[in-house]
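This is the structure, below, for whatever I ask next.
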Amino acid sequence: MRHNGALALAFHATFVTFILAPIVVVCAVAFTPEGYLSLPTKGFSLRWFKAILNYPEFLRAFRDSLWLAALSSTIAIGLAVPAALAIARYRFPGREAMTALFLSPLMIPHVVLGIAFLRFFSQIGLSGSFLGLILSHIIVVLPFALRLVLAASYGIDQRIEHAAISLGANSFVTFRRVTLPLIMPGVVSGWVLAFINSFDEVTMTVFIASPSTTTLPVRLFLYIQDNIDPLVTSISASLILMTAVLMIVLDRLFGLDRLFLGSAKS
Amino acid sequence: MSYLALERLTKAYGGVLAVEALDLTVARGEFISLLGPSGCGKTTTLQMIAGFVEPTSGRAMLEGTDLFGVRPNKRGLGVVFQSYALFPHVTVAENVAFGLEMRGVPRAEREQRVKQTLDLVGLSGLADRYPRRMSGGQQQRVALARALVIQPAILLLDEPLSNLDAKLREEMQTELRTIQRSVGTTTILVTHDQGEAMALSDRIVIMNKGRVEQIARPDEAYARPASAFVANFLGKTNVVSAKVVSEGSRHIVDIAGFRLPVPDRSPTGPVTVTVRPERITFVDDPALGIRGCVHSRVFQGTHWLFHIETELGALIVLRQNDGAAVPLEGENVRLAWGENDLLIEALGAS
Amino acid sequence: MTTNPKLAPLLLSGPALLVFIGLVLAPLVMTALLSFYDWGQYKGIVAEFTIKNWHEVITDEYYYEIFGRTLRIALFVTAISVVIGVPEAYILNRMSPQWRGVFLLVVIGPLLISVVARTLGWALLFGSTGLISQALLTLGAVREPIDLMFTESGVVIALTHVLVPFMVLAVMAALQRLNPDVENAAMSLGASGFTVWRRVILPQIVPGILSGSVIVFALAASAFATPAIIGGRRLKVAATLAYDEFLNTLNWPLGAAIAMILLGALVAIIVGSNRLIERRYAQVFE
Ligand SMILES: Nc1ncnc2c1ncn2[C@@H]1O[C@H](COP(=O)(O)OP(=O)(O)OP(=O)(O)O)[C@@H](O)[C@H]1O
Ligand SMILES: [Mg+2]
């Protein structure tokens, strides 16, 4: 009785259909040869993929999104690694409160964060700037980075570091030669998760982006709000395909379940 | 002159004293074991020497300099952890070379010393392996090599053999002793295995609840345990209640009617008496000893182990297997011992 | 360890702490203050203390309706996620490792895909000329074309799709903590499959279901992109309302008050239910 029965498999098939349906539809419609939204019943065409190239604002937004995600997740991981070591290693007053603060962006609705940053940046003169986007994205992705680095830091045997110290290594050398290599899987997966979350963020960013500095999801969102045409499906399909490739790579590297199950328990 | 001196070394966790006023001097080249039950403070003591636990009070003097004034990474002590604590992300050779690198030893000399040390612990062929892909005994040797290669002032070993199976443990004990003898490194070993402590050490420190019960040579501690706790910890033993009376100028111990003279410094009144099972003999003389009945006997190869019911309770008796006939189960016997075989303590002394 | 143990954690966490104090606490405090500022069509934001924004949001029925809708949508999404997510997690957990790997990719993977792209899919499926309507018409299940665009049902369906992976994850995590022998033990004692599920498995994964529900509820109640695309301008929820006040009406103080209410309500619900879960199920969590 350890295998799934027929009823269970039927349920599973329905569930998977539900999950895949909108994704498959977007990808299918993207290949339409027609000038309007339709399923490509009369042959496939790459016309709408080629059309993306005629919209430099989408290409620019894509490039900016990549930069934003790369910079903010790198800075976030740079802040998260020492913070995670402090939390995992030391008992000090305010430790719990500090951890809660670092994880709080997971609990604060992104609309609220967007509003707060809009107000804040307009007060300090950072409205609509790329720097503002980076700062705000550091905040929203840091919890993801922190959780994975924390899990890795809790996992290492401190006596391995003691061994390095007893052999003459100072704090910095111990960190670089022993601790960092040991938490590296957590650091890399934390960075990747931070990158993806920054790249996909739309709710908060829509408040603080400006027409000149914006991200791909925000531009896509604003476009869709006005009209839905095959162009947005081809852009979305490209995003989906890129994510799918990334996903398979991640699964091979870390195991997707570990990446998520590790981060699902806070 | 002592090489290492621990002076009233104390560690308190909150209100709990993990180690209490420990005094110990170690001579250069000596092999010392810290022995005691789980939680008695052995690891804490070792960690204070190594520098990973901050002592609450007390000093540790190494050749006249205060160790606690030196950072843990500058103490130059070799530590072998129970879990081995090998660096999992680098090879065996790189593990062993780490300490030399920290000391700025040039590559050529480093490689040569790593090779030498791996030869010493019998791992010549495995220099390029990763620790994960080695057996427990091999990992243990790597840990030892890594600690030895820096020619440490003291080698600190925290239950290095406890993760190994019985047979391998015995092999490694012999090897450890041989290596320590040949290198001559002053060594402090933590263990809760009295056999290991007695087999390896020049002296053993028996600890209980953070306090030292006795520091002595193994044979001395076994033969003349300072307390019933030590006697019990160092091997199977019998503890019975009795009383000591003074008759004229002499003190007599009366164990269930079997009376023997004892030294005058023995406490009088109700006492507990400890007597080792191998010191109890079967006697025929009905005027001597106490009565008992063989409850069970177990053959152990070199010995017979008896459980004898007596009015003092069940006593265990070990008898060398010299080929002679031994009592059967259910047989009535008489048990006796000499006055030098007894350890007498006033009731409630420990 | 070689540095002062009192100072080390401060030095290590200091940079992140400064960033968070400067970029989380400060903006939130400023937004809270903003909600007490005055605003007029022509005068703009005026730094004068007033509670009129709060008063307006709390008394006006228009806002009641929107907050009510937000709550309703979030509750429906959470309930449906439990009903379909829990069995799915259980089914996934029983699969052989290879199949589980494949289907985890399918079920959890969409979390990595942009919400905008996923919602776009539903926008294509909904609508009177969309695939769902056409399929139902062809099957004869409905006479008239049905249009789920700009309806609450549409928002609930799309949001469930976006959020149900979180439920599956939370329940999977709980299931993986179970000792598989317990299930076998129950079966050896004569329990049938369903009884095992109800009496042995379910009680142990309730904490997982509850924490999954808290996540799904919080994200559904504060969702923005999906209700904005599927619900459009007509079917507003709290998040899209705040967006309109900020970027269309430009009444920032009122938008700030709405944001603060949303934040306060969600933090209260999350913290409160986490407390409850922890207290009630402390033994299960060990
Ligand atoms: N970090 C700590 N905080 C509080 N108490 C501690 C800590 N480390 C050790 N103790 C306590 O100090 C006492 C001594 O511990 P220690 O680890 O030195 O024992 P041990 O003799 O090495 O035992 P074992 O044979 O189990 O390793 C124990 O009662 C233990 O509970
Ligand atoms: Mg110990």
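The values are calculated or read from the model by the stated rules, or taken from the named source; none is laboratory data. Computed from a predicted model, the values in this text were never measured in an experiment. Positions of Cβ are backbone-derived with ideal geometry, glycine not excepted, and every protein chain shown enters the neighbour counts. These accessible areas exclude ligands, DNA and RNA; they are computed on the full protein's heavy atoms, side chains included. Shrake-Rupley method; radii C 1.70, N 1.55, O 1.52, S 1.80 Å.
Return the single residue from A:Phe121, A:Phe175, A:Phe102 with maximal mean-square fluctuation; model: Gaussian network over chain A, springs between Cα atoms under 10 Å.
Of A:Phe121, A:Phe175, A:Phe102, the most mobile in the Gaussian network model is A:Phe175.
Restricting to Cα atoms and excluding each atom paired with itself, what does the Kirkwood estimate give for region B:191-294 in Å? Before the final figure, lay out each step's value.
Details: mean 1/r = 0.0639 Å⁻¹.
Computed over region B:191-294, the radius equals 15.6 Å.
Right, next: For the protein assembly as shown, what does -39500 (n - 2.57) per DSSP helix run (n ≥ 4), summed and divided by total residues, give at 222 nm, in deg cm²/dmol to the nearest 500? Walk me through the numbers before you get to the answer.
Values: 34 runs with 473 residues, N = 902.
Here the helix-only value at 222 nm equals -17000 deg cm²/dmol.
Non-local amide H neighbours of B:Val53 (under 5 Å, H modeled in plane, Pro and chain starts lacking H): which ones?
Those qualifying (amide H under 5 Å, at least 5 residues apart or on another chain) are B:Met48.
With springs only between Cα atoms under 10 Å apart, run a GNM on chain B and tell me which of B:Ile206, B:Ile188, B:Ile308 wobbles the most.
Result for chain B, Cα springs under 10 Å: B:Ile308 fluctuates most.
Chain pair A, B: how much accessible area is buried, both chains summed, with a 1.4 Å probe, in Å² to 100? Present the calculation step by step, with values, prior to reporting the outcome.
Working: alone 15510 and 17070 Å², together 30860 Å².
Summing both chains' loss of accessible area gives about 1700 Å².
Are there GluC sites (Glu not before Pro) in region A:1-110 that DSSP marks as loop and that have at most 15 other Cβ atoms within 10 Å, and which are they?
Details: sites: A:Glu34, A:Glu57, A:Glu96; in loops: A:Glu34.
Counting only loop positions with at most 15 other Cβ atoms within 10 Å, the GluC sites (Glu not before Pro) in region A:1-110 are A:Glu34.
Same structure again: Residue-wise, which Karplus ³J(HN,Hα) couplings in Hz belong to region C:249-255, taking 6.51 cos²θ - 1.76 cosθ + 1.60, θ = phi - 60°, and x for glycine or proline?
Each residue's phi maps through the Karplus curve to give 6, 6, 8, 4, x, 5, x Hz.
Let me ask you something else. Size of the dipole of chain C about the Cα centre, Lys and Arg at +1 and Asp and Glu at -1 on the beta carbon, nothing else charged, in debye to 20?
On the way: 18 positive and 16 negative charges, 121 e Å.
Dipole of chain C, to the nearest 20 debye: 580 debye.
Buried accessible area between C and A (1.4 Å probe, both chains summed, ligands and nucleic acids excluded), in Å² to the nearest 100?
Working: alone 17080 and 15510 Å², together 24790 Å².
What C and A bury together is about 7800 Å².
In nm², what is the average projected area of the convex hull enclosing the Cα atoms of region A:56-264? Display every interim value, and only then the final one.
Values: hull surface 54.4 nm².
The number I arrive at for region A:56-264 is 13.6 nm².
Taking all protein chains as present, what is the carbon and sulfur share of the accessible area of region B:4-227, in % to the nearest whole number, probe 1.4 Å?
Working: 4410 of 9400 Å².
The C+S portion of the solvent-accessible surface of region B:4-227 is 47 percent.
Now a separate question. List the DSSP H helices in chain A whose Cα atoms stretch 30 Å or more along the helix axis and whose mean Kyte-Doolittle hydropathy is at least -0.5.
Numbers: long enough: A:6-30 (35 Å, 2.35); A:56-89 (49 Å, 1.01); A:130-155 (37 Å, 1.95); A:230-254 (35 Å, 1.83).
Length and hydropathy pass: A:6-30, A:56-89, A:130-155, A:230-254.
Then there is this: Once you have all Cα-Cα distances for region C:50-281, histogram them in 10 Å bins from zero and send the whole-percent values.
Per 10 Å bin, starting at 0, the Cα pair percentages come out as 7, 25, 29, 22, 12, 3, 0.
Can you give the Rg and Dmax of region B:146-188 based on its C-alpha atoms, in angstrom?
10.8, 30
If I stretch the segment between C:Asp38 and C:Arg275 completely, what's the gain in nm (0.36 nm per residue apart, minus their alpha carbon distance), one decimal? Intermediate values should be presented prior to the final figure.
Numbers: separation 237, 0.36 × 237 = 85.32 nm, distance 3.72 nm.
The C:Asp38-C:Arg275 span can extend by a further 81.6 nm.
Express the accessible area of region C:50-281 per residue in Å², computed with a 1.4 Å probe while the remaining protein chains stay in the model.
Details: 9750 Å² over 232 residues.
With the other protein chains kept in place, region C:50-281 gives 42 Å² per residue.
So which of B:Lys42/C:Lys6; B:Lys11/B:Lys209; B:Lys42/B:Lys209 end up more than 18 Å apart, counting from Cα to Cα?
Working: B:Lys42/C:Lys6 26 Å; B:Lys11/B:Lys209 12 Å; B:Lys42/B:Lys209 10 Å.
Too far apart for the 18 Å limit: B:Lys42/C:Lys6.
Something else about it: Give the accessible area for A:Met242 in Å² (nearest 10); use a 1.4 Å probe, count only protein heavy atoms, and leave out ligands, DNA and RNA.
Rounded to the nearest 10, that gives 90 Å².
Only counting protein heavy atoms at a 1.4 Å probe, give the residues of region B:61-79, ordered by number, whose accessible area falls by 10 Å² or more when the other protein chains are present relative to the chain alone.
Residues shielded by partner chains are B:Arg71, B:Pro72, B:Asn73, B:Leu77, B:Val79.
Which log10 I(q)/I(0) values does region B:12-89 give at q = 0.12, 0.13 Å⁻¹ under the Debye formula, counting every alpha carbon as one identical point scatterer?
Here log10 of I(q) over I(0) equals -0.39, -0.46.
Size of the dipole of the protein assembly as shown about the Cα centre, Lys and Arg at +1 and Asp and Glu at -1 on the beta carbon, nothing else charged, in debye to 20? Write out the running numbers ahead of the final one.
Values: 74 positive and 67 negative charges, 239 e Å.
About 1140 debye.
Tally up the carbon and sulfur contribution to the accessible surface of region A:162-210 as a whole percent, 1.4 Å probe, everything protein left in place.
Details: 960 of 1350 Å².
With neighbouring chains kept in place, the figure for region A:162-210 is 71 percent.
What average count of beta carbons from other chains do you get within 10 Å of the Cβ of residues in A:152-164? Numbers along the way, then the final one.
On the way: counts 0, 0, 0, 0, 1, 6, 3, 9, 8, 4, 10, 16, 6.
Partner Cβ neighbours, averaged per residue: 5.
Of all alpha-carbon pairs in region B:256-341, indicate the percentage at a distance above 19 angstrom. Spell out each step's value before the answer.
Details: 1440 of 3655 pairs.
Summing the P(r) of region B:256-341 above 19 Å gives 39 percent of all pairs.
Report D for the protein assembly as shown in µm² per second (integer): Stokes-Einstein, Kirkwood Rh on Cα pairs, 10 °C, 1.306 mPa s.
Working: Rh = 33.4 Å.
D, rounded to a whole number, is 48 µm²/s.
One-quarter of the Cα convex hull surface for region B:121-197, in nm²? Mind dumping the intermediate values first?
On the way: hull surface 20.9 nm².
The Cα convex hull of region B:121-197, projected and averaged over all directions, gives 5.2 nm².
Follow-up question, since we're still on this one. Once both labels are modelled 7 Å past Cα along the beta-carbon direction, what's the B:Leu168-B:Ala199 spacing in nm?
With each label point 7 Å from Cα toward Cβ, the separation is 1.5 nm.
How many Å³ per residue does the convex hull of the Cα positions in region C:57-175 occupy? Present the calculation step by step, with values, prior to reporting the outcome.
Working: hull volume 17.5 nm³, N = 119.
It comes to 147 Å³ per residue, whole-number rounded.
Ranked by accessible surface with a 1.4 Å probe, highest first, in what order do B:Val244, B:Val212 come? Intermediate results must be reported in sequence, preceding the final value.
Numbers: B:Val244 5, B:Val212 50 Å².
These residues rank, largest area first, as B:Val212, B:Val244.
Using a 10 Å cut-off around each Cβ of peptide A:123-135, what is the average number of partner chain Cβ atoms that fall inside?
Numbers: counts 4, 4, 0, 0, 0, 0, 0, 0, 0, 0, 0, 0, 4.
For peptide A:123-135, the averaged partner shielding equals 1.
Checking buried surface per residue: for region A:1-23, which residues lose a minimum of 50 Å² accessible area in the protein assembly relative to the chain alone (1.4 Å probe)?
Relative to the lone chain, where solvent access is computed with a 1.4 Å probe, region A:1-23 loses at least 50 Å² at A:Met1, A:Arg2, A:Asn4, A:Phe11, A:His12, A:Phe15, A:Phe18, A:Ile19, A:Pro22, A:Ile23.
Go through A:Leu180, A:Pro105, A:Val232 and say which Cα lies farthest out towards the positive end of the charge dipole of chain A; charges sit on Cβ, +1 for Lys and Arg, -1 for Asp and Glu.
A:Leu180
Separation of region B:113-162 and region B:239-258 by C-alpha centroid, Å?
A separation of 55 Å, based on Cα centres.
Only Lys, Arg, Asp and Glu count, each charged at its Cβ (+1, +1, -1, -1), so figure out the dipole size of region A:56-264 about its Cα centre, rounded to 20 debye.
On the way: 13 positive and 11 negative charges, 141 e Å.
Computed charge dipole of region A:56-264: roughly 680 debye.
Rg and Dmax of region B:4-227, Cα atoms, in Å?
For region B:4-227, the Cα radius of gyration and maximum Cα-Cα distance read 17.3, 54 Å.
Further question on the same structure: For region B:236-346, with all protein chains present and a 1.4 Å probe, just round the carbon and sulfur fraction of the accessible area to a whole percent. Before the final figure, lay out each step's value.
Values: 2930 of 5910 Å².
So the carbon and sulfur contribution to the accessible surface is 49 percent.
So if a site counts as exposed when it's one of the trypsin sites (Lys or Arg not before Pro), its DSSP state isn't H, G, I, E or B, and it has at most 14 other Cβ atoms within 10 Å, what's the longest stretch of chain C without one?
Details: sites that count: C:Lys6, C:Lys43, C:Arg143, C:Arg233, C:Arg234.
Counting only loop sites that pass the neighbour cut-off, the longest clear stretch is C:44-142.
May I ask for the Rg/Rh ratio of region C:229-286, computed from Cα atoms with Rh as the Kirkwood radius, given to two decimals? Walk me through the numbers before you get to the answer.
On the way: Rg = 17.0 Å, Rh = 13.5 Å.
Looking at region C:229-286, the ratio lands at 1.25.
On to the next question. Which whole-number value in Å² is the accessible area per residue of chain A, probe 1.4 Å? Display every interim value, and only then the final one.
Details: 10710 Å² over 266 residues.
Per-residue value: 40 Å².
A follow-up question, please. Suppose R0 equals 56 Å. What FRET efficiency, 1/(1 + (r/R0)^6) with r the Cβ-Cβ distance, do A:Leu59 and B:Lys115 give to the nearest 0.05?
On the way: r = 58 Å, r/R0 = 1.04.
Computed FRET efficiency for A:Leu59 and B:Lys115 comes out at 0.45.
Here's another thing I want to ask about it. Which whole-number value in Å² is the accessible area per residue of region B:131-251, probe 1.4 Å?
Working: 5170 Å² over 121 residues.
That works out to 43 Å² for each residue.
Cα to Cα, under 23 Å, and not fewer than 8 places away if on the same chain: which lysines meet these conditions relative to B:Lys167?
Within reach: B:Lys236.
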